[in-house]
Amino acid sequence: MPRLARLDAPGVLHHLMIRGIERRNIFWNDEDREDFLNRLSKLLSETGTPCYAWALIPNHAHFLFRTGKVLLAALMRRLLTGYAVSFNRRHKRVGHLFQNRYKSIVCQEDAYLLELVRYIHLNPVRAGIVASPSDLNEYAYCGHSALMGRRKREWQDIDYVLSYFGGSRSRGKKEYRSYMEAGFNQGRRDELTGGGLVRSLGGWSEVRKDALKGREYIKSDERILGDSDFVAAVLGKAEEKFDRKYELKRLGYDLGRVAARVCEIFGLKEQDIFSNGKQQRKVKARSLLCYWAVRDLGISQTDLAKRLKLSVPGIGYSVERGESIARENGMI
């Protein structure tokens, strides 16, 4: 069964989950955890991505991010690839570290942000890592300790979360602590991590029909968490991108035609854009080509890497550069 496409755009709230292959541990010790957090800190800062909640468990991890200047797929690719290479080198192992791709759920903020913060920050409790609220306050590898002022995490947006509880920061912290303690004995919340409702309803087209009819509550098995209006709005935006891709193909736009347009913009010959070279103009042209090919034509990064004789991570970086070039020149 083909994978569902990611739903993302600047400002979108996401609950993300990563898990070790075969449920094996992805963090063996504190050195691993610190390496992961150092990489995460740099990437969040570089991409302007707010982080509201997070928790590292030995064999998985949860995050609550809002998409910043760069789509989360690019951020997560750099984070997970870099960490996996470092982890394998450090522990003298080979092979995949993570189970498939990460899971991402687009979330309706007003209804779910605080619920998700609590759910994510109670993960160490459910995993048996800590046994009491006071223990959770001191657990270094969860965003709760930063919200309680026990740890300093410059990259975690503490003020935004505490502002939901009103008043001063100290009052917000007190109310947040009470909110956490009230949910301390909560078990797994399947409605916050996805279920199987979408497939049981007959797929996304049927879900969207129900949403437009005003169904009170719909949860997604992988992609959306929110009420019917929110689901309809998100799917509507995704459908617009889907329609754009196929309209471009119908009009005869393929990689060759897009490459010709890029060459026209930069004053290059087509063989220049498909040949190796680090001249600034060629790099910019190739980056714009990668951006349009991946985002507008829907060409996979793997296929594009083969065509351009680049690595898949290299294509990812080029897409990011291309997006900046397109944005700066009013081509988005």
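The values are calculated or read from the model by the stated rules, or taken from the named source; none is laboratory data. Since the structure is predicted, the reported quantities are computational estimates derived from the model, not experimental observations. Because the Cβ atoms are built from the backbone with ideal geometry, glycine has one as well, and the counts that use them run over all protein chains shown. These area figures cover heavy atoms from the full protein model, side chains too; ligands, DNA and RNA do not enter into them. Shrake-Rupley method; radii C 1.70, N 1.55, O 1.52, S 1.80 Å.
Some observations on this one:
- The set of residues in the range 3-34 being modelled with pLDDT of 95 or more, surrounded by fewer than 17 Cβ atoms within 10 Å (Cβ to Cβ) and touching a helix residue (DSSP H, G or I) at 6+ places or on another chain (Cβ under 8 Å) consists of Trp28, Glu31.
- When Thr47 is tested against (1) at pLDDT below 95; (2) β-branched (Val, Ile, Thr); (3) open to solvent by 50 Å² or more (accessible area, probe 1.4 Å), just one condition goes unmet, and that condition is (3).
- Members of the range 276-293 that are of a type outside the set (D, E, K, R) and assigned to a helix (DSSP H, G or I): Gln280, Val283, Ala285, Ser287, Leu288, Leu289, Cys290, Tyr291, Trp292, Ala293
- Residue within the range 183-193 that is modelled with pLDDT of 90 or more, open to solvent by less than 90 Å² (accessible area, probe 1.4 Å) and part of a helix (DSSP H, G or I) present: no
- Filtered by the rule that a residue be open to solvent by 20 Å² or more (accessible area, probe 1.4 Å) and of a type in the set (A, V, I, L, M, F, W, C), the range 100-125 gives Ala111, Leu114, Val125.
- Residues in the range 294-332 that are surrounded by 12 or more Cβ atoms within 10 Å (Cβ to Cβ), of a type in the set (Val, Ile, Thr) and in a helix (DSSP H, G or I): Val294, Val312, Ile315, Val319, Ile325.
- Options Val94, Val130; residue that is modelled with pLDDT under 95, more than 18 Å from the chain's Cα centre (by Cα), among the β-branched types (Val, Ile, Thr) and within 26 Å of Tyr164 (Cβ to Cβ): Val130
- Every residue from the range 162-176 that is among the charged types (D, E, K, R) and touching a helix residue (DSSP H, G or I) at 6+ places or on another chain (Cβ under 7 Å): Arg169, Lys173
- Test: residue in the range 134-155 that is assigned to a loop (DSSP other than H, G, I, E, B) and under 19 Å from the mean Cα position of the chain (by Cα): yes
- Every residue from the range 65-83 that is under 20 Å from Gln99 (Cβ atoms), of a type in the set (A, V, I, L, M, F, W, C) and open to solvent by less than 20 Å² (accessible area, probe 1.4 Å): Phe65, Leu72, Leu75, Met76, Leu79
Residue by residue, here is whether (1) more than 30 Å from Gln301 (Cα to Cα); (2) free of Cβ contacts under 8 Å to residues at least 12 places away in the same chain; (3) not aromatic (Phe, Trp, Tyr) holds:
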| site | (1), (2), (3) |
| --- | --- |
| Leu72 | no, no, yes |
| Leu80 | no, no, yes |
| Ala84 | no, no, yes |
| Arg89 | no, yes, yes |
| Tyr112 | yes, no, no |
| Asp135 | yes, yes, yes |
| Tyr139 | yes, no, no |
| Gly143 | yes, no, yes |
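- Taking the criterion of being in contact with a helix residue (DSSP H, G or I) (Cβ under 9 Å, 6 or more places away or on another chain) and more than 16 Å from Tyr253 (Cβ to Cβ), the residues of the range 277-302 that qualify are Gly277, Gln279, Arg281, Lys282, Val283, Lys284, Ala285, Arg286, Ser287, Ser300, Gln301, Thr302.
- Lone qualifier among Leu288, Leu268 - being at pLDDT 90 or above and within 25 Å of Gly82 (Cα to Cα): Leu288
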